[in-house]
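Visitor: This structure is in structure tokens; I'll ask about it shortly.
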Amino acid sequence: MRKVAAWIVTAAFALVVYLLLVLWSGSIGLWSSSELIAGGVLSALVGLVAGRLLWERGGWRMLQPHRWLLFLFYLIGPFFLAMARANLDVAYRVITGRVRPGIVRFNPGLRTDLARTVLANSITLTPGTLTVDVDDESGEFYVHWINVKREEPRPEDVCGPFPTWARRIAE
Amino acid sequence: MRLVTGQGYWSPLVWLALAAGVALLAWAFWSRGRRTYKAGTEQDQPFLSGERAPEGAHVGAPHLYWGFAQALQPVMDWLRAFHSGFLGDYVTWMVVLLAVALLVVVLT
Amino acid sequence: MTLWGVLQVITLVLVVVGAALAVWLRDLLAAVIALAASSLLLSLEFYLLQAPDVAIAEAGIGAALTTAIYILAIRKTRRKEEE
Amino acid sequence: MTIGVHAPILAIAVPLLGAFALPVFAKVHRSLRDLWAIAVGAFTCAMVITVAVQTFTSGIQVYTLGAAAPTDTIASGGFPIRIMLVVDGMSAFMGLISALVGLASLVYAFHFLKEEQGKTLAMTLFFLLWAGMLGMEYTGDMFNFFVFLEVTSIAACSLVGYRTWESRPAEAAFKTMALYTVGGLLVLLAIGILYGEYGALNIAYLSSKITGSQLDKIALGLLLGGLLMKVGAVPAHMWAPDAYGEAPAQAAIMLVANTQASLYGLWRVLFTLFGGALSAPAVGWLVTSLGVLTLLVAVLMAVVQTDLGRLIAYGAVSQIGYMLLGVGVGLTVLPSRPDWGLVAMKGGIFHMVNDAATIGLLFLAAGVVKRAVGTRDLRALGGLGHDLKWTSGFFFLGALALAGIPPLNGFASKFLIYESSFRLSPILTAIAVLGSILLLAVFARAFQGAFLGPRLREAKPASPSMLVAMGVLAAVILAMGLVPGFFVEHMVTPAAEALWRGRDLYLAAVLGG
Amino acid sequence: MKWIKVGAFLVMVGFLVGVAAWMHPFGVPWASEMDDYFIANAQVEAGANNVVTSVVFDYRGFDTLGEATVLLCAVVGVALVLRRTRR
Amino acid sequence: MIGNFPFVVCMILIALGLWTLLTRRNLIKLTIGISLIESGVNLFLVTLGYVRGGVAPIYTYAPPGAKMVLPTPQALTLTSIVIGLATTALMLAFAVVIYRHRGTLDARKIRELRG
Amino acid sequence: MNVLIYVFLAIGAVFNGLGAIALIRFPDVYTRIHGATKCTTFGSIFSILAVVIYGFARGGGQGGTLAVHALIALLFLLLTNPTGSHALARGAYRGGIKPFRAVVDRLEEKR
Amino acid sequence: MIAELSFGVAAAVLLAFMCVSMLRLAIGPTAADRAVALDTINTLVVTTMVLLGAAFGQVIYVDVAIVYALLSFVGTLYIARYLEGGLK
Amino acid sequence: MSVVVRTIARIIVPMILAFGAYVIMHGHLTPGGGFQGGAVIASAIALLLVVFGSGRLAGHKNLLSLLEDLGAIAFVALAFLGIGCTFFRNVLAGSGGLFGMPVPPGPNPGFLNTGGTLPLMNWAVGLKVAAGLGSVVLLLGLFGGGDDR
């Protein structure tokens, strides 16, 4: 059951990528019939090859569509704003050269791999922080902070509301 | 059968016949000699420079032509140094060959 | 000199600089990084020369696979060049 | 008759297919793999012989790949656009040499490799190398020539590194690979220059266009340099003893054949590609003097070797010198004195097949020695003749043939070379004869050291397939030696004529008219 | 030895620069009948929009076969060299 | 215009690779040198086929009536790139095996075969 | 429409330039990764968005394909860039490069 | 027409930034610095390729940028993996 | 590698595979083809090797070499298909069947069902290059034993 589900999900994922790539090719709606057939066959093959990779524990969770909508909203809403602020911050530091770096530790309490990944990548792209390591068991984040405000920070100090978002999206 | 070379020819069959004739002559000479050879006597023993050779002695390949090697010592030393086994030298000589070929071709 | 010429000259100079670094650096890992950079910029140069087929091949082979096999080989041997 | 039309491409494609399918058959069953190897080898030899017979009887064979018909060489525009195989006398002759050596190597390796690991991989590489050599010899396209050059380089170097449990083969393989790659890239650069000038890659079309400008000359120089390295001319010969000496015997004789395929490429470049533009005798003198140098240096180095494999390897390099001398003399004097220039060409070309047979026989015998006692160091060998009777006989025959003792084949070809080079300059002949004498001394020493004397240790006897392989080569040696006139008249003369006067025919066969 | 190295290298570089200098001007190929033929006829003859692909696989397909052979050679060679041996 | 500058760059790459082969001693560095020669030759081939103002020889979405660059050198370069990768992989495999036996990558010390 | 493209291109160029300058000015690996990753990613977003706008404005199959492919390139860039930076930072730390003038180093204490 | 030219100009500016990154690649004291410079160059090249695809007016060229974005990641991961230790 | 890289690799490998399939499938329409797509897929294998360690891929070594041989055989077989005329003859082009649709001359949006044997050859070469380069990387990674994650 899980194998079939993994196969179907991976194939659907690959099919989406393929169909995006061949958008506007022709006769049936936006796609031509031959492209659709080819995409179906190819993504079935990709699902066979890579099915075990994409689908891990708790894979059902990401099948709920509202999580994807949330993710999209998160991307163009708070994340983008934070990223803009981060860049202005870095611009300021590049020009003045004022840094107070350090590596701090905090535990946002995320459990799934995907949530940790979303949080880590958000941290890397946003204000003055860079994920250096993530502990596999405890889920502790070690973050290089370009301007250390406190040595034992709470998660909100480092990355604002991101852990909440990550939990909402992927847990 | 004949191999024509422009100035003459060479035929291995003629050569074979000649060789057979020489062999016949040699056999004739040999058969006229005295027959004092006896198997199993001292005549079977190998000798080395007048001494009786020790058991299992063998003149190995490196010991042949030592005089020749001695006479050509400087040349051989130079040649062995030339084949240094260093990959940079290999490439150097290849580039030298290339440069010579280019010079010869382009300058004529 | 057109804009296109400027692009091309900069790219070519960068390719040469990357290649020179790959020769010059003693640390083999750094040399491989420089070689990867040179190969990537070479791919951009192919792109500028209107050869996207070759650019894809060079990007795929120069960026990922050549770097990968060089680094695997360095890992199985040693990193520094002996004096 | 349809298979006769397709014979040139089948001779290349079938070994390739055999190599590709060999691992699959090996996964199914061992004996299926062996059966497949034998079938592919036999079919390839049959195709090569078919091509040779057709070429010697009915002229140049042309096969255009991908056209509507094999002889459809020219597209509507009046110039060749597709890759084509062009087989003239010289190509067919070289194909026969490759087939002979490949057959011997295949038979030899048959039982030998059973005792080693990696037989499937080695056999795959063997077929790839064979197909690459045949491709180099039959192709009529410069870039295709380069591709097959690289095929042979990579396959040969992999085979050299076959004994991974010792350190020396990997070293030899790395050195050889480095030189081969640089040489191949220089050849590619020259092809690029020619393409940039004439916008074509077909040999015949390029040959009809080349005028001899500065760029053409540089391209010729680069081709000469790269190919001379590949054939192992002094001073770029140093890879040759390493590779020959460290390769397993069945790979070493393939390396010899590969060298000759490169030599064929050199002749093709000099006589056909640049045949119209090259008038000065300087290139001929260059080739001749390199031949003499190669001969002398290699023979002198052979005198002091203590490893049987390296000793034979230096012998092989010296034989390359004879071929360069013969054809170089021909190249120098052909425009002015065609009568004895042609004799020199015949000598050089005839020496190729003799060299393949004799050196191949010696390498195979050395391989038997290595298998029998585990070493090839002449200082530790001795008395092998007690156990390896047939092998020592074959070695003796090969040594005599290599040194040019009549009535064996080495004498026949060297005689032609002596006769013609004497008329160019007696010094050349003197050096060549000196080289021959030294070779005799060297191989007498090797024979004495390895096979004569009291029995030092137990030796493992040769397996039957090894004896059969050596027997084939010995039969070729005897046949070539006893009836040289027949072979020279029916095979060597067409090859030499194809190089010398055949350029017009070659061009006409491809370009029409 | 060093001077031989440097001298040969300099000669080589001289000829390479000569190639660059004598080469026809960049961007204006001199002879391109073959390529013009490909550009004009590849779509009809090989049925592919990408002329490079039709050259690679149709007009010069044999080169591609050789190239695949080279790759197979390398893979088999690497497998042969890096195999586990009993001794 | 930029004249023959791309050709000069190809030749510089080839010369750099040769210089590496001549002067450096580390086996992996030598392999890097061969890769550089390879890059130079590839660039030379592609540069030969360029036509000023041309577009890639692909008819999909091509501007109508545009000149096209020559396809053959690109096809040759594709072949050459894969050959280069094959060569590099094989040489690195040999280097690894040599290191396994000798414990060094210095070409000066790897000269068991000489004389 | 053109004005929007120019503005986006300008923003993209400025931030990319900041990334490059950060690479030169900052004192150690980690701070350089900060500058390089954030600024070049942000700049690339704007530059590619300019192309996307151009593609949609051009319309038709051609422009639409251009826009979608550029968006896919952007998506891959967004996925791979922070991950690569994280991997580099982690590798640098485990390889023994200490942060420059660090106020606090909790990762060191963990070992 | 003007838009295409502006894309070209932006690409030229990005190439200039690439020169700056190349400087860091040359002087970087540690290998990690050079790797960061390589990463930056990768991102810049991807952006340049997308811009130039628009500047040439050729849709199909953008595929090259996608390949590049995907595969430079692999190279970076290898370098990072090497830096991480496991260096014997 | 850390959990972040592993998760991203899980997401990105199907994307790389799909994109590689796209590059091979559209080899006769857009830039790309067998070599390029094969290299893309091979780099997915390299990515798996570096992220998940060589232990997880070691069992697939023989499968990869078998796939490579099959790709090569398929390529030669496609070349033999034309031996009624000549070797490498593109017999399917313009014949109307699979991949046999005639192409309108001049610029066009590109149709998948064209090209004769070219798409099939692209697939054979793509399979071959992907498996070959993947097994080269894998062999170099596996040499010397030890699971180097």
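Visitor: Look at D:SER336 and say whether it is without any contact (Cβ under 8 Å) to a residue 40 or more places away in the chain and closer than 30 Å to D:PHE422 by Cβ.
Guide: Considered against the rule, which asks whether it is without any contact (Cβ under 8 Å) to a residue 40 or more places away in the chain and closer than 30 Å to D:PHE422 by Cβ, D:SER336 comes out as yes.
Visitor: Is it true that D:GLY284 is surrounded by fewer than 23 Cβ atoms within 10 Å (Cβ to Cβ), more than 14 Å from chain B (Cβ to nearest Cβ) and either more than 14 Å from the chain's Cα centre (by Cα) or at pLDDT below 90 (or both)?
Guide: Working: surrounded by fewer than 23 Cβ atoms within 10 Å (Cβ to Cβ): yes; more than 14 Å from chain B (Cβ to nearest Cβ): no; either more than 14 Å from the chain's Cα centre (by Cα) or at pLDDT below 90 (or both): yes.
No.
Visitor: While we're looking at this one, here's another question. List every residue pair whose Cβ atoms lie under 9 Å apart, where the two residues are 6 or more positions apart in sequence or sit on different chains, the first residue falls within segment H:6-18 and is within 15 Å of G:VAL14 (Cβ to Cβ), and the second residue, located anywhere, is surrounded by fewer than 20 Cβ atoms within 10 Å (Cβ to Cβ) and aromatic (Phe, Trp, Tyr).
Guide: Correct list of pairs: H:SER6/G:TYR6.
Visitor: Would you check which residues across segment A:118-133 are without any contact (Cβ under 8 Å) to a residue 40 or more places away in the chain and either farther than 18 Å from G:THR41 by Cα or not small (Gly, Ala, Ser) (or both) and list them? So that I can check it myself, show each step before the final result.
Guide: Taking segment A:118-133 first, the residues without any contact (Cβ under 8 Å) to a residue 40 or more places away in the chain are A:120-121, A:123-124, A:129-133.
Within segment A:118-133, A:ASN121, A:ILE123, A:THR124, A:THR129, A:LEU130, A:THR131, A:VAL132, A:ASP133 meet the criteria.
Visitor: Being within 24 Å of the chain's Cα centre (by Cα) and either touching a residue at least 12 places away in the same chain (Cβ under 8 Å) or surrounded by 24 or more Cβ atoms within 10 Å (Cβ to Cβ) (or both) is the requirement here; does D:LEU408 meet it? It would help to see each step written out before you state the result.
Guide: Values: within 24 Å of the chain's Cα centre (by Cα): yes; either touching a residue at least 12 places away in the same chain (Cβ under 8 Å) or surrounded by 24 or more Cβ atoms within 10 Å (Cβ to Cβ) (or both): yes.
So D:LEU408 passes the test.
Visitor: Quick check on my filter: what residues within segment A:12-35 are more than 9 Å from chain I (Cβ to nearest Cβ) and touching a residue at least 12 places away in the same chain (Cβ under 8 Å)?
Guide: A:ALA12, A:LEU19, A:TRP31
Visitor: Still on this model: Can you name the residue in segment D:50-73 that is β-branched (Val, Ile, Thr) and out of contact with any helix residue (DSSP H, G or I) (no Cβ under 7 Å at 6 or more places or on another chain) and is also surrounded by the fewest Cβ atoms within 10 Å (Cβ to Cβ) among such residues? Break it down into steps so the answer makes sense when it comes.
Guide: At the first step, the residues of segment D:50-73 found to be β-branched (Val, Ile, Thr) are D:50-51, D:53, D:55, D:57, D:60, D:62, D:64, D:71, D:73.
After this cut, where a residue has to be out of contact with any helix residue (DSSP H, G or I) (no Cβ under 7 Å at 6 or more places or on another chain) as well, the list is D:53, D:57, D:64, D:71.
Working: D:VAL53: 13, D:THR57: 7, D:THR64: 27, D:THR71: 16.
Here the answer is D:THR57.
Visitor: Somewhere in segment A:14-28, is a residue buried (at least 19 other Cβ atoms within 10 Å of the Cβ), on the phi < 0 side of the Ramachandran plot, at pLDDT 85 or above and not in a helix (DSSP H, G or I)?
Guide: yes
Visitor: Right, something else. Would a scan of segment I:134-143 turn up a residue that is within 14 Å of the chain's Cα centre (by Cα) and within 14 Å of chain C (Cβ to nearest Cβ)? Give the derivation first.
Guide: Within segment I:134-143, the first condition is being within 14 Å of the chain's Cα centre (by Cα), and the residues that meet it are I:134-135.
If we keep only those that are within 14 Å of chain C (Cβ to nearest Cβ) as well, we get I:134-135.
Yes: segment I:134-143 contains one or more residues that are within 14 Å of the chain's Cα centre (by Cα) and within 14 Å of chain C (Cβ to nearest Cβ).
Visitor: Looking only at segment D:157-171, which residues are more than 8 Å from chain E (Cβ to nearest Cβ) and surrounded by fewer than 24 Cβ atoms within 10 Å (Cβ to Cβ)?
Guide: Hits for segment D:157-171 are D:ARG163, D:GLU166, D:SER167, D:ARG168.
Visitor: When you check D:ALA178 against the structure, is it away from chain E (no Cβ under 11 Å) and either under 30 Å from D:ILE81 (Cβ atoms) or out of contact with any Cys (no Cβ under 6 Å at 6 or more places or on another chain) (or both), yes or no? Can you show your working first?
Guide: On the way: away from chain E (no Cβ under 11 Å): yes; either under 30 Å from D:ILE81 (Cβ atoms) or out of contact with any Cys (no Cβ under 6 Å at 6 or more places or on another chain) (or both): yes.
Considered against the rule, which asks whether it is away from chain E (no Cβ under 11 Å) and either under 30 Å from D:ILE81 (Cβ atoms) or out of contact with any Cys (no Cβ under 6 Å at 6 or more places or on another chain) (or both), D:ALA178 comes out as yes.
Visitor: I need the full set of residues from segment F:61-109 which are within 30 Å of G:GLY59 (Cα to Cα) and of a type in the set (D, E, K, R), in order please.
Guide: Selection gives F:LYS67 alone.
Visitor: So in segment G:40-57, with the set limited to residues that are more than 9 Å from chain H (Cβ to nearest Cβ) and not aliphatic (A, V, I, L, M), which one is surrounded by the fewest Cβ atoms within 10 Å (Cβ to Cβ)?
Guide: G:PHE56
Visitor: Any idea which of (1) outside any helix (DSSP H, G or I); (2) within 11 Å of chain E (Cβ to nearest Cβ); (3) of a type outside the set (Ser, Thr, Tyr) is the one F:PRO64 doesn't satisfy?
Guide: All conditions are met except number (2).
Visitor: Another question, if that's okay. Restricting to segment D:449-478, name every residue that is in contact (Cβ under 8 Å) with a residue 60 or more places away in the chain, in a helix (DSSP H, G or I), of a type in the set (A, V, I, L, M) and more than 14 Å from D:LEU362 (Cβ to Cβ).
Guide: Of everything in segment D:449-478, those that are in contact (Cβ under 8 Å) with a residue 60 or more places away in the chain, in a helix (DSSP H, G or I), of a type in the set (A, V, I, L, M) and more than 14 Å from D:LEU362 (Cβ to Cβ) turn out to be D:LEU467, D:VAL468, D:VAL472, D:LEU478.
Visitor: Being within 30 Å of A:SER25 (Cα to Cα) and in a helix (DSSP H, G or I) narrows it down to one of G:ALA87, G:ALA70, G:ALA92, so name that one.
Guide: G:ALA70
Visitor: Any residue at all in segment I:112-121 that is among the polar types (S, T, N, Q), more than 24 Å from I:ALA42 (Cα to Cα) and part of a loop (DSSP other than H, G, I, E, B)?
Guide: Restricting attention to segment I:112-121, the residues satisfying the condition of being among the polar types (S, T, N, Q) are I:113-114, I:117.
Filter once more, keeping what is more than 24 Å from I:ALA42 (Cα to Cα): I:113-114.
If we keep only those that are part of a loop (DSSP other than H, G, I, E, B) as well, we get I:113-114.
Scanning segment I:112-121, I find at least one residue that is among the polar types (S, T, N, Q), more than 24 Å from I:ALA42 (Cα to Cα) and part of a loop (DSSP other than H, G, I, E, B), so the answer is yes.
Visitor: Under 27 Å from C:VAL9 (Cα atoms), facing chain I (nearest Cβ under 9 Å) and either among the β-branched types (Val, Ile, Thr) or buried (at least 24 other Cβ atoms within 10 Å of the Cβ) (or both): does that describe C:ALA36? Quick ask: steps written out before the conclusion?
Guide: Working: under 27 Å from C:VAL9 (Cα atoms): yes; facing chain I (nearest Cβ under 9 Å): no; either among the β-branched types (Val, Ile, Thr) or buried (at least 24 other Cβ atoms within 10 Å of the Cβ) (or both): yes.
The answer is no for C:ALA36.
Visitor: Name the residue, out of B:ALA28, B:ALA81, that is in a helix (DSSP H, G or I) and at pLDDT 90 or above.
Guide: Details: B:ALA81 fails: at pLDDT 90 or above.
So the residue among B:ALA28, B:ALA81 that is in a helix (DSSP H, G or I) and at pLDDT 90 or above is B:ALA28.
Visitor: Next question, about the same structure. List every residue pair whose Cβ atoms lie under 8 Å apart, where the two residues are 6 or more positions apart in sequence or sit on different chains, the first residue falls within segment I:46-69 and is farther than 10 Å from I:SER135 by Cα and away from chain C (no Cβ under 13 Å), and the second residue, located anywhere, is of a type in the set (Phe, Trp, Tyr) and surrounded by 23 or more Cβ atoms within 10 Å (Cβ to Cβ).
Guide: I:ASP69/D:PHE20
Visitor: Also, I was wondering about something else. Taking only pairs six or more apart or across chains, which ones have beta-carbon atoms under 7 Å, a first residue in segment D:222-236 that is more than 8 Å from every other protein chain (Cβ to nearest Cβ), and a second residue that is hydroxyl-bearing (Ser, Thr, Tyr)?
Guide: What qualifies is D:LEU227/D:SER262; D:LYS230/D:TYR180; D:LYS230/D:SER262; D:VAL231/D:THR259; D:VAL231/D:SER262; D:GLY232/D:THR259; D:VAL234/D:THR294.
Visitor: Determine which single condition F:THR31 fails, assuming it passes every other condition in (1) within 7 Å of another protein chain (Cβ to nearest Cβ); (2) of a type in the set (Val, Ile, Thr); (3) more than 28 Å from I:PRO105 (Cβ to Cβ); (4) not in a loop (DSSP other than H, G, I, E, B).
Guide: Answer for F:THR31: the failing condition is (1).
Visitor: Within segment F:89-96, does at least one residue satisfy the condition of being surrounded by fewer than 24 Cβ atoms within 10 Å (Cβ to Cβ) and without any contact (Cβ under 8 Å) to a residue 40 or more places away in the chain?
Guide: No: zero hits.
Visitor: If only one of I:GLY126, I:GLY110 is in contact with a strand residue (DSSP E or B) (Cβ under 6 Å, 6 or more places away or on another chain) and within 14 Å of chain F (Cβ to nearest Cβ), which one is it? Give the derivation first.
Guide: Numbers: I:GLY126 fails: in contact with a strand residue (DSSP E or B) (Cβ under 6 Å, 6 or more places away or on another chain).
Every option except I:GLY110 fails the conditions.
Visitor: Follow-up. Specify the residue that is farthest from A:SER138 (Cα to Cα); the eligible residues are those in segment G:95-111 that are facing chain A (nearest Cβ under 8 Å) and charged (D, E, K, R). Before you say what the answer is, go through the steps one by one.
Guide: Kept after step one, since they are facing chain A (nearest Cβ under 8 Å), are these residues of segment G:95-111: G:99-108, G:110.
From what is left, the residues that are charged (D, E, K, R) are G:101, G:105-106, G:108, G:110.
Values: G:ARG101: 28, G:ASP105: 18, G:ARG106: 15, G:GLU108: 17, G:LYS110: 13 Å.
If we take residues in segment G:95-111 being facing chain A (nearest Cβ under 8 Å) and charged (D, E, K, R), then G:ARG101 is farthest from A:SER138 (Cα to Cα).
The values are calculated or read from the model by the stated rules, or taken from the named source; none is laboratory data. Just so you know, these numbers come straight off a predicted model, no measurement behind them. Don't worry about glycine lacking a Cβ; one is built from the backbone with ideal geometry, like all the others, and counts go over all protein chains shown.
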